[in-house]
Amino acid sequence: MTRPINHAWQLAERPAGLINDQTFTLVEESVPELVDGEYLVRNVYLSVDPTQRTWIREEPSYLPPVGIGEVMRAGAIGEVVESRNAEYPVGTFVTGLLGWQEYSRLHEPINIVPAGIPLRPMMGVFGATGITAYFGMLEVGGPQAGETVLVSGAAGATGSVYISGREIASASSRDSIGWRSLSGMTCAAAYPKFFAGNIDISETSIQPTITASMQLSQDNILVTLS
């Protein structure tokens, strides 16, 4: 029986600056036969996230660095297409750090996509970013009715999940602020200058607004508002 061919992006070198054509290598290899307990996932969605830049540095972060020659770590969603594990029958959709590759050969437990949940939202609002926003805001932050929240990185994956109305949001560009303004937030700040929606206002006018009205700060990035 002909085995599937896996195409995988492996880390070739650690970039000194910007990522370039030498950073990754596309590798093609046959998928080995499964043994008892293993299952094979064909990935249908791969994520590209800012945190991946920290994963390819030499220094450890909240996860160990990706090793040279290893498949680039990445979130993904895929379908089980072959299985010798009763917990993961063929046709099951799973999600996790499956890497930048077409096929993932697994034996360890991984999250199953719940029935009825569309696959694409599982990469965002129903996935790690949504979970981070939900527990960060409700369990850790504990906002009360009528309070105002400052959300940094509000145009990003996690920050954008927070926005629901009475927030002050910060982002890195005028374009990002314009997009977030459509969500109905109270006002927006783009660093190092500040904006309300798409209208420039001075730091001296918005700084009191932020400090006086804010009861909770949800920090998704390291940003200085002074």
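The values are calculated or read from the model by the stated rules, or taken from the named source; none is laboratory data. Please read these numbers as outputs of a predicted model, since none were measured by experiment. Ideal geometry is used to build each Cβ from the backbone, glycine not excepted, and the neighbour counts take in all protein chains shown.
Taking the conditions exactly as written (surrounded by fewer than 15 Cβ atoms within 10 Å (Cβ to Cβ) and charged (D, E, K, R)), does residue 53 satisfy them or not? Taking the combined requirement at face value, the residue satisfies it.
Taken across segment 107-121, residues that are on the phi > 0 side of the Ramachandran plot, at pLDDT 75 or above and not β-branched (Val, Ile, Thr) do occur, with at least one present.
Scanning segment 94-125 for residues that are in contact with a helix residue (DSSP H, G or I) (Cβ under 8 Å, 6 or more places away or on another chain) and either surrounded by 21 or more Cβ atoms within 10 Å (Cβ to Cβ) or closer than 29 Å to residue 67 by Cβ (or both) yields a total of 3. The number of residues in segment 126-156 that are farther than 28 Å from residue 44 by Cβ, among the β-branched types (Val, Ile, Thr) and buried (at least 17 other Cβ atoms within 10 Å of the Cβ) comes to 3.
How do the strands (runs of 3 or more DSSP E) wholly within segment 7-120 filter down when requiring 1 or more residues that are in contact with a His (Cβ under 9 Å, 6 or more places away or on another chain): which remain? Before the answer, list the steps.
Values: elements: 24-30, 39-46, 76-83, 93-96, 103-106.
In segment 7-120, the matching strands (runs of 3 or more DSSP E) lie at 24-30, 39-46, 103-106.
When 84, 73 are checked against the criterion of being basic (Lys, Arg) and under 23 Å from the mean Cα position of the chain (by Cα), 73 stands alone in meeting it. Against the condition in a strand (DSSP E or B) and at pLDDT below 90, how does residue 161 come out, does it pass? It is false that residue 161 is in a strand (DSSP E or B) and at pLDDT below 90. Among the candidates 88, 39, 62, the residue that is touching a helix residue (DSSP H, G or I) at 6+ places or on another chain (Cβ under 9 Å) and of a type in the set (Phe, Trp, Tyr) is uniquely 62. Residue 48 satisfies every condition listed in (1) modelled with pLDDT of 95 or more; (2) under 22 Å from residue 158 (Cα atoms) except (1).
Do you know which residues across segment 16-54 are among the hydrophobic types (A, V, I, L, M, F, W, C) and either touching a strand residue (DSSP E or B) at 6+ places or on another chain (Cβ under 9 Å) or on the phi > 0 side of the Ramachandran plot (or both)? Hits for segment 16-54 are 24, 26, 27, 31, 34, 40, 41, 44, 46. Whenever a residue of segment 98-115 is touching a residue at least 60 places away in the same chain (Cβ under 8 Å), its partners that are among the hydroxyl-bearing types (Ser, Thr, Tyr) and not in a loop (DSSP other than H, G, I, E, B), lying with C-beta atoms within less than 7 angstrom and at least six residues away or across chains, give the pairs 106/39. When segment 142-152 is limited to residues that are in a loop (DSSP other than H, G, I, E, B) and either of a type in the set (D, E, K, R) or in contact with a strand residue (DSSP E or B) (Cβ under 7 Å, 6 or more places away or on another chain) (or both), the one that is modelled with the lowest pLDDT turns out to be 152.
Per this entry, residue 37 is not counted among residues that are exposed (fewer than 11 other Cβ atoms within 10 Å of the Cβ) and either under 17 Å from the mean Cα position of the chain (by Cα) or not β-branched (Val, Ile, Thr) (or both).
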